[in-house]
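A quick write-up on the structure given underneath.
The values are calculated or read from the model by the stated rules, or taken from the named source; none is laboratory data. The structure presented is a predicted model; accordingly, all values stated were derived computationally and were not measured. FYI the Cβ positions are ideal-geometry reconstructions off the backbone, even for glycines, and counts take in every protein chain you see. Calculation scope for accessible area: heavy atoms of the full protein, side chains included, ligands and nucleic acids excluded. Shrake-Rupley method; radii C 1.70, N 1.55, O 1.52, S 1.80 Å.
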Amino acid sequence: SNRSRRVVVYGAGPYGQLLVREMRANTDWNMNPVAFLDDDPMKVRKWIVGVPVRGGLADLERTLAEYSVDEVILSSPLINGQVEHRIREVCGVLDKRVRRLSMSIH
């Protein structure tokens, strides 16, 4: 289907915000950023670049269900270790794709 993929961006910092702007600018990506998750409690319940921050790691499963999410993108290199492991574990069980933003300059 050509329905745009519903994406949760994990990490609402500068990389996550850049990613959301790019998704909106590049309609051929077919990606719709429906929510952020972020481990900073100060960001939770805010709207950042027009996208709601729905919580942190503990809110992953609920957010995936609530927003009918297709994919989670890890926006920051700081999202690693146990947090990344848990995200991949949850998404594996629920058959959701996980990808990581990587920045490169050529």
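What to note about this one:
- The lone criterion from (1) in contact with a helix residue (DSSP H, G or I) (Cβ under 9 Å, 6 or more places away or on another chain); (2) within 17 Å of R99 (Cβ to Cβ) left unmet by I48 is number (2).
- Taken over the range 57-68, the criterion of being touching a Lys or Arg at 6+ places or on another chain (Cβ under 9 Å) and either open to solvent by less than 70 Å² (accessible area, probe 1.4 Å) or over 22 Å from G81 (Cα atoms) (or both) is satisfied by L57, L60, T63, L64, E66, Y67, S68.
- Candidate set: the range 13-22, residues that are touching a Ser or Thr at 6+ places or on another chain (Cβ under 8 Å) and open to solvent by less than 30 Å² (accessible area, probe 1.4 Å); chosen: the one farthest from S68 (Cα to Cα): G13
- Members of the range 22-53 found to be touching a residue at least 40 places away in the same chain (Cβ under 8 Å) and part of a loop (DSSP other than H, G, I, E, B), listed by number: D39
- Residue match in the range 97-106 (condition: among the polar types (S, T, N, Q) and in contact (Cβ under 8 Å) with a residue 24 or more places away in the chain): no
- Counted residues, the range 69-96 - those being open to solvent by 90 Å² or more (accessible area, probe 1.4 Å), part of a helix (DSSP H, G or I) and either touching a residue at least 40 places away in the same chain (Cβ under 8 Å) or in contact with a strand residue (DSSP E or B) (Cβ under 6 Å, 6 or more places away or on another chain) (or both): 1
- Index of the failed condition, T27 passing every other in (1) touching a strand residue (DSSP E or B) at 6+ places or on another chain (Cβ under 9 Å); (2) closer than 17 Å to V7 by Cβ; (3) polar (S, T, N, Q): (1)
- Answer residue from the range 23-53, given it is within 22 Å of V83 (Cβ to Cβ) and charged (D, E, K, R) and is least open to solvent (accessible area, probe 1.4 Å) among those: D38
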